[in-house]
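To start, the structure itself, in structure tokens.
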2 protein chains.
Amino acid sequence: MNNPAFADRISDVPKSFIREILKVAVNPEMISFAGGLPNRDLFPVKELQNASNQVFETAGKEALQYSNSEGYLPLREFIAKRYADKAGLKVSPDNILITCGSQQGLDLLAKIILNEGDDVLIEEPGYLGAIQVFSVYRSTFVPIPLLDDGLDAKALTTALQSYRPKLLYTVPNFSNPSGITYSLEKRREIAAIIEGYATILVEDNPYGDLRYRGEDIPSFKHFLPEQTILLGSFSKTAVPGFRIGWIVAPDAIMDKLIVAKQAADLHTNIFTQRLLYQYLSDNDLEAHIRKIREVYGRQGRAMIESIRKHFPSDVHFTTPDGGMFLWVTLPPQVSSMKLFDLAIKRNVAFVPGNPFYTYPVENINTLRLNFSCVDEKTIEVGIAKLGEAIKELLGN
Amino acid sequence: MNNPAFADRISDVPKSFIREILKVAVNPEMISFAGGLPNRDLFPVKELQNASNQVFETAGKEALQYSNSEGYLPLREFIAKRYADKAGLKVSPDNILITCGSQQGLDLLAKIILNEGDDVLIEEPGYLGAIQVFSVYRSTFVPIPLLDDGLDAKALTTALQSYRPKLLYTVPNFSNPSGITYSLEKRREIAAIIEGYATILVEDNPYGDLRYRGEDIPSFKHFLPEQTILLGSFSKTAVPGFRIGWIVAPDAIMDKLIVAKQAADLHTNIFTQRLLYQYLSDNDLEAHIRKIREVYGRQGRAMIESIRKHFPSDVHFTTPDGGMFLWVTLPPQVSSMKLFDLAIKRNVAFVPGNPFYTYPVENINTLRLNFSCVDEKTIEVGIAKLGEAIKELLGN
């Protein structure tokens with residue numbers, strides 16, 4: 001048989017450039033700002049082991065059997081309670097579906113909402129995983145530029161008048177890749193703009209707990225309670241390897257999500273759902289998150305200080321209030337792909353901006369830096385080398 | 001906002017009637033032949049707990065971090081070696097993708113192969129989970145009747161001449177729902193028929209290890225090495241709650257499957273992949289499977305004997321050589337939905353045949369019985385009650 005005829009949808013999906021980069025970054029000599037991984041030294045290994053033994057001893061058989069598609073109810077109740085306590089949001093456990101990471105939440109949502117060619121509004125630069133998912137469902141991207149305080153409201157208004165977008169995808173807190181956070185004012189403004197349109201606002205919030213400066217800003221769901229879908233994840237606060245995330249949606253959407261979940265994989269691993277719930281019951285998640293925030297905050301500040309010291313003054317960069325990333329804009333004539341080659345020779349890796357756009361960009365001059373996995377001293381060394389490479393490209 | 005406009009694909013997905021039935025079946029008085037669950041009393045709880053502690057102690061941080069989309073390499077090597085040892089099949093670990101149950105393998109395959117309206121050949125009666133997945137991708141079903149020795153070859157030939165199916169979906173060993181196994185002769189015949197057509201044969205084999213009578217029959221991959229895709233699962237042999245299955249595909253298809261997997265959920269839970277691999281390394285899976293086979297075999301034989309004793313002689317039923325199910329065909333005038341109502345009153349549950357067809361069937365006279373979770377004595381009691389109910393409907 002010759003090669004099979006593939007579905008049209010798969011031909012449009014961008015290959016992950018990051019996967020290729022990460023292969024380079026495994027060299028132990030390499031200082032890598034390329035990844036997007038949580039810091040493994042902060043994983044609560046011992047506590048999770050204790051929780052695992054608890055589950056085996058108290059619920060062994062049940063924790064290993066097939067389970068329901070919605071997800072483990074006590075875990076959904078924990079998530080609902082935390083929304084109430086931390087964000088003042090009233091969410092019923094019935095409106096929470098446990099997914100294999102928030103990535104699956106996004107996949108299921110796209111699956112039940114998007115027909116081929118449907119318009120999707122997305123931040124520019126935007127989250128790579130979202131671009132991949134929406135590409136699979138062959139949506140038409142309408143990118144809206146991110147300003148320092150969130151989406152460009154004027155561009156959003158124009159887009160809503162010109163297109164009929166079914167979804168607006170946002171990462172309002174410490175966005176990947178930009179590190180940008182939407183201001184309170186901007187959130188109000190955007191909510192007022194999209195209210196009345198048949199556009200669902202997707203608030204993806206994997207990093208929201210990792211704020212190391214300033215105060216939490218209310219969720220879009222406060223301003224658009226019926227028009228907002230929330231995506232959440234334990235990957236950045238507890239453990240990524242379990243692939244446990246969730247999606248919060250109104251009843252009518254939740255019904256369809258559950259059907260799609262069932263067809264996709266029946267249900268999320270019930271053993272690790274129970275294990276995670278046991279861990280959350282026996283330990284103080286908030287105290288654990290404070291530890292992560294402290295480390296990432298120190299490293300984020302170290303990166304910003306190093307950039308100020310070592311990068312030419314016409315390089316623009318974001319100064320995030322939390323999360324794991326910052327975003328660098330080089331002078332227009334400097335290609336971040338060329339910088340990548342020079343940096344790799346100096347054993348420093350990062351991700352050039354390309355994969356965060358919904359279309360091919362030539363001579364891209366932006367890049368993403370990650371600071372969650374490199375200690376402060378090494379950050380200074382790596383940023384200094386990167387500064388040298390930029391200066392070499394600028395001909396200074 | 002009013003209800004959102006959903007994607008066309010989700011409107012076509014049948015709701016799971018089984019989910020509703022299982023809600024009835026939780027009543028502890030109920031004798032349930034309705035489920036499709038492995039017997040939880042056979043789960044290797046202690047051995048899995050030991051393996052879990054091993055993983056936490058030897059690989060804690062790595063087992064909790066993000067991982068690759070392909071799946072844990074030692075686990076893929078184990079699967080490859082087992083194909084060689086048990087089935088004489090040469091499969092490279094590079095052609096194995098670990099998925100969240102084999103259900104996800106099917107979803108990813110459909111996603112990369114099927115455009116809307118593409119034809120899919122499927123057994124009738126066929127696996128409900130496959131019908132759901134193919135419905136999501138809006139394929140056109142071409143059902144091929146199952147005879148006692150496998151697919152109706154004549155109907156298959158006609159279908160291949162009349163349609164351009166991209167996939168032929170089969171469960172050749174102890175099928176769900178029918179319990180039917182394809183004979184060696186039938187496998188050769190089917191392979192000869194579809195060779196030369198651009199149709200991929202999907203061999204879904206979740207029950208293949210659970211043979212309690214006769215000899216293993218070679219996989220379709222022996223006869224159609226480049227045209228066969230294999231789906232496998234640890235759910236029926238080790239543990240369902242971990243959701244660990246796999247798909248075996250040629251290089252060109254595997255490349256696309258990995259892209260689709262990445263967009264769907266990045267990767268399968270790495271902690272439980274490692275836990276399962278540790279369990280498989282430290283224990284004898286084949287000895288464990290022998291235990292399952294012995295129990296299911298006893299229960300399957302008990303069900304067949306009870307049916308012979310208690311059902312009217314014009315009721316037809318399959319006599320499976322393995323697996324968890326058998327399939328009953330009532331006299332044409334007897335509705336299995338009506339039987340269901342009478343049976344529930346007698347505290348016996350089963351699944352009427354409807355969800356295993358790709359179109360609505362009125363006055364269906366078929367039904368599925370599961371024997372993996374009920375002991376022999378209870379099987380006799382339940383089948384006797386079901387026999388009474390059938391006789392009542394027949395007016396005897």
Return yes when A:Met303 is at pLDDT 95 or above, within 14 Å of chain B (Cβ to nearest Cβ) and within 24 Å of A:Asp149 (Cα to Cα) and no when it is not. no
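Among the candidates A:Leu342, A:Leu386, single out the residue that is surrounded by fewer than 18 Cβ atoms within 10 Å (Cβ to Cβ), outside the structural domain of A:Asp209 (by TED's automatic domain parsing) and over 20 Å from the mean Cα position of the chain (by Cα). It would help to see each step written out before you state the result.
Working: A:Leu386 fails: surrounded by fewer than 18 Cβ atoms within 10 Å (Cβ to Cβ).
Residue meeting the stated conditions: A:Leu342.
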From B:Glu189, B:Glu203, grab the single residue that is away from every other protein chain (no Cβ under 14 Å), within 26 Å of B:Gly353 (Cα to Cα) and touching a strand residue (DSSP E or B) at 6+ places or on another chain (Cβ under 9 Å). B:Glu203
Taking into account only those residues within segment B:268-281 that are out of contact with any strand residue (DSSP E or B) (no Cβ under 8 Å at 6 or more places or on another chain) and more than 7 Å from chain A (Cβ to nearest Cβ), which is nearest to A:Leu275 (Cα to Cα)? B:Leu275
Conditions first: (1) facing chain B (nearest Cβ under 7 Å); (2) more than 20 Å from A:Leu280 (Cα to Cα). A:Val120 passes all but one, so which condition is the exception? (1)
Listed residues A:Ala252, A:Ala302; which is touching an Asp or Glu at 6+ places or on another chain (Cβ under 7 Å) and either buried (at least 18 other Cβ atoms within 10 Å of the Cβ) or not polar (S, T, N, Q) (or both)? A:Ala302
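Go through A:Leu73, A:Leu108 for me and flag whichever is touching a Pro at 6+ places or on another chain (Cβ under 7 Å), of a type in the set (A, V, I, L, M, F, W, C) and under 28 Å from B:Gly36 (Cβ atoms).
Details: A:Leu108 fails: touching a Pro at 6+ places or on another chain (Cβ under 7 Å).
None of the other options fit; the residue is A:Leu73.
Here is a yes/no grid of residues against (1) in contact (Cβ under 8 Å) with a residue 12 or more places away in the chain; (2) of a type outside the set (Gly, Ala, Ser); (3) farther than 19 Å from B:Leu280 by Cβ; (4) in contact with a Ser or Thr (Cβ under 9 Å, 6 or more places away or on another chain):
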| residue | (1), (2), (3), (4) |
| --- | --- |
| B:Leu64 | yes, yes, yes, no |
| B:Ser67 | yes, no, no, yes |
| B:Glu70 | yes, yes, no, no |
| B:Asp85 | no, yes, no, no |
| B:Lys90 | no, yes, yes, no |
| B:Pro93 | yes, yes, no, no |
| B:Ile98 | yes, yes, no, yes |
| B:Ser102 | yes, no, no, yes |
| B:Ile112 | yes, yes, yes, no |
Among B:Arg211, B:Arg243, B:Arg274, which is the only one that is crowded, with 21+ Cβ neighbours inside 10 Å, assigned by TED's automatic domain parsing to the domain that holds B:Arg76 and touching a Cys at 6+ places or on another chain (Cβ under 9 Å)? B:Arg243
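Does B:Arg138 satisfy the criteria of being in contact (Cβ under 8 Å) with a residue 40 or more places away in the chain, in contact with a Lys or Arg (Cβ under 7 Å, 6 or more places away or on another chain) and not aliphatic (A, V, I, L, M)?
yes
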Looking at segment A:59-69 only, could you name the residues that are buried (at least 20 other Cβ atoms within 10 Å of the Cβ) and closer than 30 Å to A:Phe220 by Cα? A:Ser69
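Using the structure shown, decide if A:Arg188 is touching a residue at least 12 places away in the same chain (Cβ under 8 Å) and either farther than 25 Å from A:Asn115 by Cβ or assigned to a helix (DSSP H, G or I) (or both).
Details: touching a residue at least 12 places away in the same chain (Cβ under 8 Å): yes; either farther than 25 Å from A:Asn115 by Cβ or assigned to a helix (DSSP H, G or I) (or both): yes.
Yes.
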Among the numbered criteria (1) touching a residue at least 60 places away in the same chain (Cβ under 8 Å); (2) out of contact with any helix residue (DSSP H, G or I) (no Cβ under 6 Å at 6 or more places or on another chain); (3) assigned to a strand (DSSP E or B), which single criterion is violated by B:Leu146? (1)
Being within 26 Å of A:Phe43 (Cβ to Cβ), among the basic types (Lys, Arg), assigned to a helix (DSSP H, G or I) and assigned by TED's automatic domain parsing to the domain that holds A:Arg308 is the requirement here; does A:Lys377 meet it? yes
Which one of the conditions (1) crowded, with 22+ Cβ neighbours inside 10 Å; (2) over 23 Å from A:Gln262 (Cβ atoms) does A:Tyr83 fail to meet, given that it meets all the rest? (1)
In segment A:305-329, anything within 16 Å of A:Leu386 (Cβ to Cβ), touching a strand residue (DSSP E or B) at 6+ places or on another chain (Cβ under 7 Å) and not hydroxyl-bearing (Ser, Thr, Tyr) is listed as A:Ile307, A:Val315, A:His316, A:Phe317, A:Phe325, A:Leu326, A:Trp327, A:Val328
Give the residue, chosen from A:Pro360, A:Pro312, A:Pro320, that is over 25 Å from the mean Cα position of the chain (by Cα) and in a loop (DSSP other than H, G, I, E, B). A:Pro312
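Report whether or not B:Ser235 is among the small types (Gly, Ala, Ser) and more than 12 Å from every other protein chain (Cβ to nearest Cβ).
Details: among the small types (Gly, Ala, Ser): yes; more than 12 Å from every other protein chain (Cβ to nearest Cβ): no.
In short, no.
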Name the residue that is nearest to B:Phe371 (Cα to Cα), counting only residues in segment B:177-198 that are touching an Asp or Glu at 6+ places or on another chain (Cβ under 9 Å) and buried (at least 19 other Cβ atoms within 10 Å of the Cβ). B:Gly179
Report the residue count in segment A:47-102 for those that are under 27 Å from the mean Cα position of the chain (by Cα), within 14 Å of chain B (Cβ to nearest Cβ) and either at pLDDT below 95 or not in a helix (DSSP H, G or I) (or both). 9
What are the residues in segment B:211-232 that are assigned to a loop (DSSP other than H, G, I, E, B), in contact with a strand residue (DSSP E or B) (Cβ under 7 Å, 6 or more places away or on another chain) and facing another protein chain (nearest Cβ under 10 Å), if any? B:Leu224, B:Gln227
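Can you pull out the residues in segment B:222-258 that are of a type outside the set (S, T, N, Q) and free of Cβ contacts under 8 Å to residues at least 40 places away in the same chain? Step through it out loud before you land on a result.
Filtering segment B:222-258 down to residues of a type outside the set (S, T, N, Q) leaves B:222-226, B:229-232, B:234, B:236, B:238-258.
Answer for segment B:222-258, where residues must be of a type outside the set (S, T, N, Q) and free of Cβ contacts under 8 Å to residues at least 40 places away in the same chain: B:Phe223, B:Leu224, B:Pro225, B:Glu226, B:Gly241, B:Phe242, B:Ala252, B:Asp255.
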Within segment B:321-329, is even one residue under 30 Å from B:Asp107 (Cα atoms) and within 14 Å of another protein chain (Cβ to nearest Cβ)? yes
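Residues checked against (1) closer than 30 Å to B:Ser372 by Cα; (2) not hydrophobic (A, V, I, L, M, F, W, C); (3) not assigned by TED's automatic domain parsing to the domain that holds A:Asn269:
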position: A:Ala51; (1), (2), (3): no, no, no
position: A:Leu75; (1), (2), (3): yes, no, no
position: A:Phe78; (1), (2), (3): no, no, no
position: A:Arg82; (1), (2), (3): no, yes, no
position: A:Lys86; (1), (2), (3): no, yes, no
position: A:Leu97; (1), (2), (3): yes, no, no
Please tell me if B:Pro355 is part of a loop (DSSP other than H, G, I, E, B), out of contact with any Cys (no Cβ under 7 Å at 6 or more places or on another chain) and either modelled with pLDDT of 95 or more or under 30 Å from B:Val133 (Cβ atoms) (or both). no
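The values are calculated or read from the model by the stated rules, or taken from the named source; none is laboratory data. If you're wondering where the values come from, they're calculated on a predicted model, not measured in any experiment. Using ideal geometry, Cβ is built from the backbone for each residue, glycine included, and neighbour counts are taken over all protein chains shown.
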